[in-house]
Amino acid sequence: MNWLRQLGGGVITVVQHLGRAGVFLPGVMAATSILWRRPGLLIQQLYSVGVMTVLIVVVAGLFVGMMLGFQGYYTLVDFGAESSLGLAVALFLTRELGPVLTALLFAGRAGSALTAEIGLMKATQQLEAMEMMAVDPLGRVIAPRFLAGCISMPLLAALFSVVGLAGGYLVGVGVLDIDGGSYWASMQTGVDVYDDILGGIIKSLVFGFVVAWIAVFEGYHAESSTAGVSRATTRTVVTAALAILGLDYAMTAIMFDEV
Amino acid sequence: MAQHIDPSTPLVDVAHLDFRYPERALYQDLSLRISRGKVTVIMGPSGCGKSTLLGLMAGRLRPLAGDVCFDGVALSDLPRKALYRLRRRMGMMFQNSALLSDLDVFENVAFPIRENTGLPESLVRNLVLLKLHMVGLRGAARLLPAALSGGMARRVALARALALDPDLVMYDEPFTGLDPISKGVIAQLIRELNDVLGVTSVVVTQDVREGLSIADHVIVFAEGQIAEEGSAQQVAVSTQPQVRQFLDAKPDGPVPFHYPAPDYQDDLLGKYQ
């Protein structure tokens, strides 16, 4: 019976956590109104959340694109279809790998940093001090970080895909010697703006929203101790990664069902 | 800042307060008053709820029963906006200073002014320099919090607490972890700023010497209740066992040395395994 009690306790904890996150979100959304009056707060966070993640996204995008170049070529060449390499790389990147891998990198780099920063501010009573100075931490600290995450993620995913296409080109054209014109031409004819590119944009928007939500929620509700902040940071990365993969499956299923 | 009609009415009135954390009860039917313009020192052993009381006075925590009135306004049912408006008349110095780590000393003190007023930058600058000069740290304006000693950080926190010229300044353990010189500096600042600026001060502390040296009124807590209150002289000669144990730093007494445990002999014989 003990295992049943533990299982029940675990379920209750998860449901409570979800409930708190659900209640937290409208408060954050409402608090974003401050950013109309003070856009500087958002710009500052766009820099630390978005711009500071550019390097890791560019490097990862390049390597993934190059890997796709090799994998795609050796799969297609058996069918004499290596001229379609550009199309294969583009579809992989825009539909799946761009949004998903960027979101995973984003959760690891920016999401964990957001949680740790907010959690430490809480542990060192900085958020409490703001409340005592008649400043709402939801508006001053949480809302700009949340919105910066939502805005940065789709832009970073687009950057990842563009750099990945360049990586595929480098390998396909530069190393494996396929025709550069057909690399781009196959992409132009085969990639659909609505089904492929818009689908990827929608995914990256959803991932950005979810990762930013999880990151600021975990930071704001972190236990006020070193161990508490550490646990919250780990939870952000794990929860965000699982949420990204789960949502990716769900959205892919819905999108292909519509097609 | 505000001109009050009747200086004899308390600035903070805590009436029949009940408060508990999920794991333990803290206060039952607690009542106390904080007089205007005075330094009230609240003392008591660790975990007796002194800092919690500051949270209740600031409206950050909600009591289960009873109420806290600030200048005649009950805090319990106050909407968030009204509570924040009221907090502009309160300042708080936290135990670990709680300075915003990514802002320098100047910006930390300017923070409440910038966030709550639309004052022009030249005036903000003068106000911040004035506050920093009061605590002797005008020269440290461009240092980051990480570069400050514990005593300096407390002084910056004090300048920040005074930034909006509050009516009430609350100090949460202002002497903890400081060297004797810094303790003396902070004690002197609390006393002098209270008298010069005409604010009301509430100091929560475990430091008996510093606490008694600056107090107009002392309240000693024990087990969620007021064990003794009065002037520093009256409290210093109290015969209450709990107060004596605290003031004389006795390791055993009403607050036992041993955490409750089963019989020692039986425990050694393994009866509780």
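The phi-based Karplus calculation (6.51 cos²θ - 1.76 cosθ + 1.60; θ = phi - 60°) puts the 3J(HN,Hα) values of the stretch B:63-77 at x, 6, 8, x, 7, 10, 10, 10, 6, x, 9, 6, 7, 4, 9 Hz, whole numbers, x for Gly and Pro. Taking a Cβ cut-off of under 12 Å around B:Tyr27, the surrounding Lys, Arg, Asp and Glu residues balance to a net charge of 0, with basic ones at +1 and acidic ones at -1. Pull out a ≥ b ≥ c, the square roots of the eigenvalues of the alpha-carbon gyration tensor of chain B, then state rounded if a/c is under 1.5, prolate if not and a/b is larger than b/c, and oblate in the remaining case. Prolate shape, in that a/c is at least 1.5 and a/b is the bigger ratio. Couplings 3J(HN,Hα) for the stretch B:161-172, derived from phi with the Karplus relation 6.51 cos²θ - 1.76 cosθ + 1.60 (θ = phi - 60°), are 5, 8, 4, 9, 6, x, 7, 10, 10, 10, 10, 9 Hz, where x marks Gly and Pro.
In terms of other Cβ atoms within 10 Å, A:Trp213, A:Trp3 run from fewest to most in the order A:Trp3, A:Trp213.
Using the number of other C-beta atoms within 10 angstrom as an exposure proxy, rank A:Ser152, B:Ser8, B:Ser149 with the fewest first. Can you show the working numbers first?
Values: A:Ser152 27, B:Ser8 7, B:Ser149 11.
Exposure proxy ranking, most exposed first: B:Ser8, B:Ser149, A:Ser152.
Relative to the longest principal axis of the Cα atoms of chain A, the long axis of helix A:143-169 lies at roughly 20 degrees.
Need one number: % antiparallel among DSSP beta bridges in the protein assembly as shown, to the nearest 5.
On the way: 19 of 37 bridges.
For the protein assembly as shown, the DSSP antiparallel bridge percentage is about 50.
Cα axis of helix B:180-197 to longest principal axis of chain B: angle in degrees, 0 to 90, nearest 10? It works out to around 60 degrees. For the stretch A:36-128, the normalised intensity computed at q = 0.14, 0.22, 0.26 Å⁻¹ comes to -0.67, -1.08, -1.23 (log10 of I(q)/I(0), Debye sum over alpha carbons, equal scatterers, no solvent). One quarter of the convex hull surface built on the alpha carbon atoms of the stretch B:6-151 amounts to 11.1 nm², the projected area averaged over directions.
So if we plug the beta-carbon distance of B:Gln273 and A:Ser224 into 1/(1 + (r/R0)^6) with R0 = 30 Å, what FRET efficiency do we get, rounded to 0.05?
Values: r = 36 Å, r/R0 = 1.19.
Once rounded, the FRET efficiency stands at 0.25.
For chain B, calculate the relative contact order in percent as a whole number, restricting contacts to Cα pairs under 8 Å that are 6 or more residues apart. If you can, show how the numbers build up before the last one.
Values: 470 pairs, mean separation 62.4, N = 273.
The normalised contact order for chain B reaches 23 percent.
Put simply, when A:69-76, A:249-256, A:9-16 are sorted by average Cβ atoms within 10 angstrom per residue, most first, you get A:69-76, A:249-256, A:9-16. Global dimensions of the protein assembly as shown from alpha-carbon coordinates: Rg and Dmax equal 29.9, 100 Å.
Computed over the stretch A:24-258, the P(r) curve from all C-alpha pair distances, binned at 10 Å from the origin, holds 9, 29, 29, 18, 10, 4, 1 percent per bin. Placing one equal scatterer on every Cα of the stretch B:26-87 and applying the Debye formula, the log10 ratio I(q)/I(0) at q = 0.13, 0.15, 0.27 Å⁻¹ is -0.37, -0.50, -1.36.
Quick check on the exposure proxy: order B:Val235, A:Val49, A:Val175 from fewest to most C-beta atoms within 10 angstrom.
Details: B:Val235 24, A:Val49 29, A:Val175 12.
Placing the least packed residue first, the sequence is A:Val175, B:Val235, A:Val49.
Every number here is computed from the coordinates shown, using simple stated rules; none is lab data. Predicted model only: the values in this text are computed from it and were never measured. Quick reminder, even Gly has a Cβ in these numbers, built from the backbone with ideal geometry, and neighbours come from all protein chains shown.
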